[in-house]
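See below for the structure under consideration.
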Protein chains: 2
Amino acid sequence: MMAAAAARADRPPASQASGPVAIVAGSGRLPLLIVEALERAGRPCRVLAIRGFADPATRRRADATVDLLDVRGALDTLCGWTPAGVTLAGAVARPSPAALLNTLAAYRNRETLRSLASGGDDHLLRGVLALLEEHGLQVLGVRDLAPGLMAPVGRFGALGPDEAADASVAAGRALLASLSPHDVGQAAVVASRRVLAVEGPEGTDRMLDRARTLARRPLGLGRAPAAMVLVKRAKDGQDLRVDLPAIGPRTVKRAAQTGCIGIAVGAGDTLVLDRAETVALADRLGLFLLGLPPDPEPAP
Amino acid sequence: MMAAAAARADRPPASQASGPVAIVAGSGRLPLLIVEALERAGRPCRVLAIRGFADPATRRRADATVDLLDVRGALDTLCGWTPAGVTLAGAVARPSPAALLNTLAAYRNRETLRSLASGGDDHLLRGVLALLEEHGLQVLGVRDLAPGLMAPVGRFGALGPDEAADASVAAGRALLASLSPHDVGQAAVVASRRVLAVEGPEGTDRMLDRARTLARRPLGLGRAPAAMVLVKRAKDGQDLRVDLPAIGPRTVKRAAQTGCIGIAVGAGDTLVLDRAETVALADRLGLFLLGLPPDPEPAP
């Protein structure tokens with residue numbers, strides 16, 4: 001450990017302000033959306049595709065490709081680019097625990113790893129971040145690089161919430177604020193005053209499925225619970241550079257199937273993937289899209 | 001409404017301190033457990049069985065039987081007993097919304113009903129309580145009538161939590177305290193610092209199923225998340241006279257299947273059904289059972 005720490009201290013920072021932005025690209029369209037945003041802004045960038053995860057279009061644009069668990073190779077490539085910063089974009093499956101241990105054991109204390117792997121997602125991602133930073137790489141978030149991809153404040157589709165939906169949104173928002181310190185609850189489904197589901201590690205899609213099942217029970221007055229909304233936002237203290245709440249066309253479709261009449265997300269901290277398509281679909285399915293401004297200071 | 005209010009005001013309280021305890025009996029063993037506890041204490045009691053829900057053994061002991069939605073019949077019978085108090089015990093299915101409306105419309109304002117039916121379970125139960133009280137009946141809880149059926153403070157099986165389990169219990173407890181004002185989250189599953197599931201209207205059993213699925217993912221280090229516990233307690237402000245958290249042998253079995261190493265419940269506010277069997281099963285399956293004292297005053 002001492003030797004490794006000394007080696008890190010000797011190494012100059014790998015990030016250079018004049019360098020390109022390095023995008024470590026997992027699956028989905030986000031990596032290329034960032035590339036396009038950077039290119040429009042005239043900023044150079046390099047793409048490091050993760051083999052088996054990056055989409056074909058991303059791979060065609062990639063400057064290099066690595067295996068997910070080839071940590072040494074990824075760090076060497078990234079440092080070689082002396083990038084202005086590194087951003088992690090797109091999904092990867094959580095690697096198998098054994099693979100994690102084998103490949104990262106050389107870099108970090110085994111007990112730390114064990115602790116990381118048994119904590120929340122936030123915890124694991126903070127570990128990856130720390131690893132990059134230990135190697136002198138500055139990690140940037142999508143928010144910094146392409147703020148136009150984030151949800152704006154206020155409605156961003158054709159529809160807006162009515163009074164009942166506003167009340168559901170407020171209830172969901174207060175609920176998520178309460179959950180935030182517990183590293184759980186990036187999203188919830190609320191209908192009138194009734195919380196139908198709180199998102200755990202299963203993710204938004206499965207939580208919506210659960211809410212749909214509950215909404216079909218004869219709960220209220222023989223119809224779907226009224227004013228059902230999906231509320232989604234970052235947890236307090238969530239590192240938005242590596243873990244960003246996101247919605248997209250699929251979210252809109254599933255929320256509509258669940259019986260939601262709208263989606264409210266944290267403005268500035270939630271990515272709207274394929275925004276034009278997301279908005280068009282929400283308009284067509286009759287869902288409002290709402291960006292929530294940051295919480296006011298909590299009451300004492 | 002005015003006429004009804006006047007009629008109620010004219011009517012003397014139906015409860016008489018010298019009267020028997022009336023037990024409105026749904027399914028499960030709880031109604032008879034209360035009868036046994038009252039008989040041991042030398043208190044007279046009468047059982048009003050709900051047709052289609054009360055167990056055969058309960059029906060054999062019943063003094064009268066009503067249909068779930070025969071509200072008039074139930075009130076007439078109960079008032080006729082001039083009971084010291086009424087307790088609602090055992091499960092009934094939430095009646096269909098149309099049936100609710102038709103049968104209760106005569107008693108309560110339709111808008112109030114609609115509001116009750118669209119709120120949380122607490123809300124609906126408070127409505128039933130209010131209806132009984134409007135008719136002069138005092139509603140008593142199991143806690144008052146048979147405190148020996150509730151979880152005690154401290155461990156009540158052979159096993160106790162180790163340090164890691166204590167930390168999981170503390171995390172779950174803090175989580176549920178945060179959720180409580182939102183009328184959701186009577187239970188949660190926590191492993192190490194990771195919240196695996198928060199109970200919504202789906203109930204504890206389904207939440208445990210969800211946690212089991214998550215626990216089988218390669219989340220941590222290729223084994224079940226460590227120190228997984230089920231934490232269950234009443235929400236603040238939950239009316240324990242009509243809505244009591246409960247555990248029993250089935251809870252222990254499902255918690256064990258989920259991978260839990262113990263169950264922590266609110267002492268004094270959680271019913272332990274079939275206690276001897278519950279404890280024996282927990283001992284056999286290696287789960288601790290722990291009664292949590294009430295929360296300390298929240299920090300300012």
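Laboratory data are not the source of any read-out in this text; all were calculated from the coordinates shown. None of the values given here were measured: they were computed from a predicted structure. We place every Cβ from the backbone using ideal geometry, glycine too, and count neighbours over all the protein chains shown.
So here's what we get for this one:
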item	result
10 Å Cβ neighbours from other chains, averaged over peptide A:170-181	3
Partner chain coverage, peptide A:205-211 - average Cβ within 10 angstrom	2
Other-chain or far-sequence residues with amide H under 5 Å of residue B:292's (modelled H)	B:154, B:265, B:266, B:267
Residue A:209 paired with residue A:155, simple spin-label distance in nm, labels 7 Å along Cα-to-beta-carbon	3.3
Distant-in-sequence amide H partners of residue B:47 (H built 1.01 Å from N, under 5 Å)	B:23, B:63, B:64
Using θ = phi - 60° and Karplus 6.51 cos²θ - 1.76 cosθ + 1.60, couplings along the range B:178-188 (whole Hz; Gly, Pro as x)	5, 7, 3, x, 9, 6, 8, x, 7, 8, 8
R0 of 45 Å, Cβ-Cβ distance residue A:18-residue A:276: FRET efficiency to nearest 0.05	0.85
Calculated FRET efficiency for the pair residue A:91/residue B:67, C-beta based, R₀ 60 Å, to 0.05	0.65
Neighbouring partner chain Cβ atoms per residue of A:183-192, average, 10 Å criterion	4
Neighbour-count order for B:236, B:283, fewest beta carbons within 10 angstrom listed first	B:236, B:283
For residue A:174, label point 7 Å along C-beta direction: distances to other copies, nm	2.3
Hz values of 3J(HN,Hα) by residue in the range A:71-77 - Karplus curve (6.51, -1.76, 1.60), Gly and Pro given as x	5, 4, x, 5, 5, 4, 4
Highest average packing first - B:74-81, A:152-159, Cβ atoms within 10 Å	B:74-81, A:152-159
Placed amide H near residue A:19: partners under 5 Å, 5+ positions off or other chain	A:84
Under 16 Å from residue A:232, Cα to Cα: lysines that are on another chain or at least 8 residues apart	A:253
